[in-house]
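So the structure is just underneath, and the comments pick up after that.
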Amino acid sequence: MLPGRLRVLVQLLARLPGVGEKTAQRYALYLASEGAALATDLGSELSSLRDRVRPCARCGNLAEVSPDAQPAAAETICSICADGRRDPTLLCVVFRVQDLLAVERSGAMRGRYFVLGRLLSPLDGVGPDELPTGRLVERIRTDSVTEVILATPPSVDGEATALLLAQELTPLGVRLSRIASGVPHGGDLEFSDQITLGRAISGRRHVEPR
Ligand SMILES: [Zn+2]
């Protein structure tokens with residue numbers, strides 16, 4: 001029923017995470033009718049996205065390419081890696097850029113990051129060789145990192161990845177820690193699942209009387 005071009009647009013939009021066929025159709029119809037100005041803006045942003053935004057060469061976070069950079073020029077560095085006030089000896093290892101942003105929002109991280117991009121997942125064909133362990137080790141050496149926080153998600157794959165990285169990084173003599181995970185703030189113990197609560201108990205901290 002839809003014109004061919006619009007069907008193509010629906011198919012493209014439906015490939016975005018979290019967008020189903022129906023939502024894609026709603027977006028396409030809007031862009032083709034009252035959202036025409038938005039369609040033009042989106043089009044120009046999207047067509048230059050790959051040239052303007054790239055993964056940071058040091059950490060994998062997304063970074064804006066400076067407008068006057070030569071195409072084959074020096075590596076693209078993100079704002080966190082370029083920030084001299086950050087502690088270069090403290091490195092937080094995360095799975096995805098979304099996780100980096102979440103840790104950043106907490107305001108608790110004064111060091112820098114390393115984005116893995118994938119987790120160990122034998123069932124999906126991701127083995128130890130597919131992890132960027134070599135680049136991580138190189139980063140630790142180059143920046144003289146002394147402490148690494150393994151902030152992979154508290155899932156089966158996230159835990160397996162943290163365990164593997166801990167084994168690989170131990171010989172480097174860095175201080176290794178795993179993020180504590182436990183009961184969510186404002187959460188009720190009664191409704192915590194047993195893995196979460198078990199981890200909250202085993203990751204308990206000593207309480208100092210004031
Ligand atoms: Zn960076």
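The values are calculated or read from the model by the stated rules, or taken from the named source; none is laboratory data. These numbers were taken from a predicted model, which means no experiment stands behind them. Using ideal geometry, Cβ is built from the backbone for each residue, glycine included, and neighbour counts are taken over all protein chains shown. Note: accessible area is taken over every heavy atom of the protein model, side chains too, but ligands, DNA and RNA are not part of it. Shrake-Rupley method; radii C 1.70, N 1.55, O 1.52, S 1.80 Å.
What the Cα convex hull of the chain gives, in volume per residue, is 231 Å³.
Spacing of the modelled spin labels on residue 142 and residue 172, each 7 Å from Cα toward Cβ, amounts to 1.2 nm.
Report in % the part of the accessible area of the chain that belongs to carbon and sulfur, leaving out ligands and nucleic acids; probe 1.4 Å. Provide the component values of the computation, followed by the final result.
On the way: 8010 of 14480 Å².
About 55 percent, which is the carbon plus sulfur part of the accessible surface.
Here the calculated FRET efficiency for residue 29 and residue 188, from their Cβ-Cβ distance with R0 = 41 Å, stands at 0.40, rounded to the nearest 0.05. Per 5 Å bin, what is the whole-percent P(r) computed from every C-alpha pair distance within the stretch 18-120? In whole percents, the pair-distance histogram is 2, 11, 15, 16, 14, 14, 13, 10, 4, 2, 0.
About its Cα centre, what dipole magnitude does the chain give when the only charges are +1 on Lys and Arg Cβ and -1 on Asp and Glu Cβ, stated in debye to the nearest 20? Don't skip to the end; give the middle numbers.
On the way: 25 positive and 25 negative charges, 30 e Å.
Using only the charged Cβ atoms, the result is roughly 140 debye.
Helical content of the chain, expressed as a calculated mean residue ellipticity at 222 nm, amounts to -12500 deg cm²/dmol (DSSP H runs of 4 or more residues, -39,500 (n - 2.57) each, divided by residue number, nearest 500). Once you reduce the stretch 115-131 and the stretch 1-33 to the center of their Cα atoms, the two points are 32 Å from each other.
What's the ranking of 106-115, 197-206 by average number of surrounding C-beta atoms within 10 Å, highest first? Provide the component values of the computation, followed by the final result.
Working: 106-115: 17.1, 197-206: 11.4.
Result, highest mean Cβ count within 10 Å first: 106-115, 197-206.
With R₀ set to 22 Å, the beta-carbon distance separating residue 57 from residue 87 gives a calculated FRET efficiency near 0.65. Residue ranges 24-31, 44-51, 58-65, 89-96 sort as 89-96, 58-65, 24-31, 44-51 when ordered by packing (mean number of other C-beta atoms within 10 Å per residue, highest first). Between the Cα long axis of helix 4-13 and the first principal axis of the chain there is an angle of about 10°, rounded to the nearest 10.
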